Each structure stands twice: as C-alpha cells, then as structure tokens.
Amino acid sequence: MSETGSTKPAPAPAPARRVAKIILTLTVLLALALVAPHVGRQLSARLPLFDCLQVLPDIGDTTVRAFAFGILLVLVAVQFWVHAQDKNVQNRPEKEDGVIGRYQRLLARTGPVPSAHAPLGGQTLTPDGVALAVAHGIALAREKEKHDALLKQPVASFHETDKSAIRAFMTKQAIFAAITLALLKAVSTRLPPVFPGDFKELLYVTAAGGFLVTLLTVFAAIQTYSTYVRIQWDDASGIALLIKGRHFDEQSFYGLTFSLLVALCAYQPWAALIAMPVFGHLLYNYYFFEP
C-alpha cells in the first residue's frame, strides 16, 4: 500500500504578542486591585472626609510581597514562553515578530556585503601628500578591519565580529559588574545569620544568590570577549567564542534585573508591586518591533 507524498501543514501563528499583552494587562489590574485599598485606608487615616474607606480590607506587607514575587515569576515564565514561540515564523506576518523571530528571518537571507575601498595608486607624492597618504592608509586599515568583520558576520550568524564593538561590550559588562557588586554588598547586610526565618529573609537570600550568579556570569562574559579580542582566531573558533559571550551577556542582564526586583520585593513590597507591571511593559516594548 503506497502513500502519496504529503507535506505536514505549517503550524498556526504563535500568539506570543497577544498572550504577552493579556498577561501584562492582568498584572496591571492585579496591582491596582491591591494598591487601591491600601491608598484608600491611608487616606481615611489622614483625612476625616474619607472615613468611609476604613471598611476596605487591610492588606499586609507579607501578602503584597508574595503577590509581587508571584507576578515576577509569571512575567519570567511568559518571557521564556514568548521566546520559544517567537522562533516559529511560519504563517506569521513579519510585523508580529519579536527580536528572536526577526533574527530567524535574518538568518534566512543574506544581505549584500559592502565592497572594500581601492588602495592608493602608485603616484609621486609631496611631503604633505605622504602625510595625507599615511593618514589615508590608517583609515583604510581601519575600514578593512570593519570590512573583514562584515564579511565574517554572515558566517557568524550575523553576530557582531568587529573587535572595536566587542570592546564596547566588555565596557558594558564591566559597568554591570560594578552595579551588581554594589547591590550584592547592600543585600548582604540584610541576610539572616543561618537560615531564613520568614518570607522576607528568603527573598533577600534569593536576591543575594541571584546577584552572585550574575556577577560570575558577567566575569565569564568579559573573559570570553577578552579572549576573542586578544587572539586572531580562525572563523570557527572566533564565532564559537562570540556566541558564548553573547549568551553570558544575555544571562547577566536577566539575572541582574530579576535579582534587583526580588530584592525590591523584600525591601519595599508596595514599590515592587508597582514596578512589576512597569518592568513587564519595558520588556514588551524592547522585544517587539511594532505596537
């Protein structure tokens, strides 16, 4: 019994953007539902005109802390889900792509590579002309380095290969390291002596662990980028280092932001409750290209 050749139907468009919007809307509504009674009771305690608001429920810091931390976990889970769904670009208009989806489309097509500049011709030069030619030669050498980096980028899956740009990444990671170290030092003063005795102390421990892991990841990113810059690698080895460095780079960013928000949950839960939807909307605006 023979089967006719058939193609598997393409999957439906991933509803990553719509789900992200729904989750963000729900986090805003939940935050407002918790903040509104708290603000009402604060008004009733200070202004006799709002005495009727005393009937609003009194929400403790521990409850708010738990809700804020729960929202953060939901946002992180949705973020990973969106990244996974965004990789599927079949049957989906380009305007719905996120960063990963647009990158997947970029890999499917290779753009034109700019041509190198022609060298100077053999002509007799005056002393001023020699100085000009030397300066021009230095400029050409720099442009050639950038041109070679552009030639290598398609092979490197469009990762940045210019060593000047990689040095800028190292500077950014050094700033991340300084910020993370300062936050780790601040959180360490609030850690319990042995084991956390309540949810607040547990959050401080979680934040400190996150900052420590982030700091180590930043060091790994700096070392990876530094190794790429110092040595003239072959394409395969250099590309492997760039991909590793990018992964460490991304992990350090998410580790730093997650740990910072966990620490905020422990330190000031009401501020954290407001910061969570703001954080979600900032990530949404960063990730997706079109409104």
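The values are calculated or read from the model by the stated rules, or taken from the named source; none is laboratory data. Remember, it's a predicted structure, so these values are computed and weren't measured experimentally. Glycine gets a Cβ as well: all are built from the backbone with ideal geometry, and neighbour counts include every protein chain shown. Areas reflect the complete protein model, heavy atoms only, side chains present, ligands, DNA and RNA absent. Shrake-Rupley method; radii C 1.70, N 1.55, O 1.52, S 1.80 Å.
Quick one: net charge around V82, please, counting Lys, Arg +1 and Asp, Glu -1 for every other residue with C-beta under 12 Å from its C-beta.
Neighbour charge sum, excluding V82 itself: +1.
F176: accessible area at probe 1.4 Å, nearest 10 Å²?
About 40 Å², ignoring ligands and nucleic acids.
Rounded, prolate or oblate: pick one for the stretch 248-291, where a ≥ b ≥ c are the square roots of the eigenvalues of its C-alpha gyration tensor, a/c under 1.5 means rounded, and failing that, prolate if a/b is larger than b/c, else oblate.
On the way: a/c = 5.91, a/b = 1.31, b/c = 4.49.
The shape class here is oblate.
Would you mind counting up the charge near V205? Only other residues with Cβ under 12 Å from its Cβ, with Lys and Arg at +1 and Asp and Glu at -1.
0
Which value, in Å² rounded to 10, gives the accessible area of R102 with a 1.4 Å probe and all protein chains present?
60
Please arrange W270, W233 by accessible surface area, largest first, computed with a 1.4 Å probe and ligands excluded.
Descending accessible area places them as W233, W270.
By average Cβ neighbour count within 10 Å, what is the ranking of 187-197, 280-290 from highest down?
280-290, 187-197
Rank these residues by their accessible area, most exposed first, probe 1.4 Å: S164, S259.
Values: S164 65, S259 0 Å².
These residues rank, largest area first, as S164, S259.
With every protein chain left in place, what is the accessible area of L26 in Å² (1.4 Å probe, nearest 10)?
Only protein atoms counted, so the area is about 100 Å².
Protein chains only, probe 1.4 Å: how do R92, R18 rank by accessible area, largest first?
Largest to smallest exposure gives the sequence R18, R92.
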